[in-house]
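What follows is one structure encoded as structure tokens, with my remarks underneath.
The values are calculated or read from the model by the stated rules, or taken from the named source; none is laboratory data. What you are looking at is a predicted structure, and each value in this text was computed from that prediction instead of being measured. Please note: Cβ atoms are built from the backbone with ideal geometry, for glycine as well, and neighbour counts cover all protein chains shown. Heads up: the accessible areas ignore ligands, DNA and RNA and are worked out on the full protein's heavy atoms, side chains in. Shrake-Rupley method; radii C 1.70, N 1.55, O 1.52, S 1.80 Å.
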Amino acid sequence: MVANDAFREPWRYSAAGISIALRVTPRGGRDDIDGIEQLADGRSVLKVRVRAIADGGEANKAVLVLLAKLLGVPKANVRLLSGATSRLKQIAVDGDPGRLGEALRRLAQAKSADAKSTD
């Protein structure tokens, strides 16, 4: 595997914004992004943890609020596309795709670097 393949970005660009593949950990102790992970099937996902429990959509709401805050967009610009009852989700974020992609890249790289420095 080539090093670049290991860091495949788990988001896709569109004219309206960006869609992000996530793996969510509810009851994760804090609301944060933990970097990028490659699943066994080769797909990349952005790892997100939230304090909320996975009951009544609370964890989904917490994920949407967290992403809106970290990306600097209104909460109304962030919506769940799929995975309401799964840890694997697709989220759409409306806005400037270039700016959103760069913000995600910075967040994911910072968290990946933090994880490596604590190993």
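A 1.4 Å probe run over the chain, with the rest of the protein chains in place, finds 56 Å² accessible per residue. Overall, the chain carries a charge dipole of about 200 debye about its Cα centre when +1 sits on the Cβ of Lys and Arg and -1 on the Cβ of Asp and Glu, all other atoms neutral. The share of accessible area on region 1-71 that comes from carbon and sulfur is 51 percent, using a 1.4 angstrom probe. Across the alpha-carbon set of region 26-78, the Rg to Rh ratio works out to 1.01, Rh being the Kirkwood radius.
For region 86-100, the residues whose amide N sits under 19 Å from a probe point set 7 Å from the Cα of residue 27 along the beta carbon direction are 86-88.
When the chain is described by a simple charge dipole with +1 on each Lys and Arg Cβ and -1 on each Asp and Glu Cβ, the residue from 90, 60, 19 located farthest towards its positive end is 60. In terms of its C-alpha gyration tensor, region 1-110 has an oblate overall shape, because the principal axis ratio a/c (a ≥ b ≥ c, square roots of the eigenvalues) is not below 1.5 and a/b does not outweigh b/c. Taking the helices alone, the chain has a mean residue ellipticity at 222 nm of -10500 deg cm²/dmol, built from -39,500 (n - 2.57) per DSSP H run of at least 4 residues and averaged over all its residues.
Site pair residue 16 and residue 80 shows an inter-label distance of 1.8 nm when each label is modelled 7 Å from Cα along Cα→Cβ.
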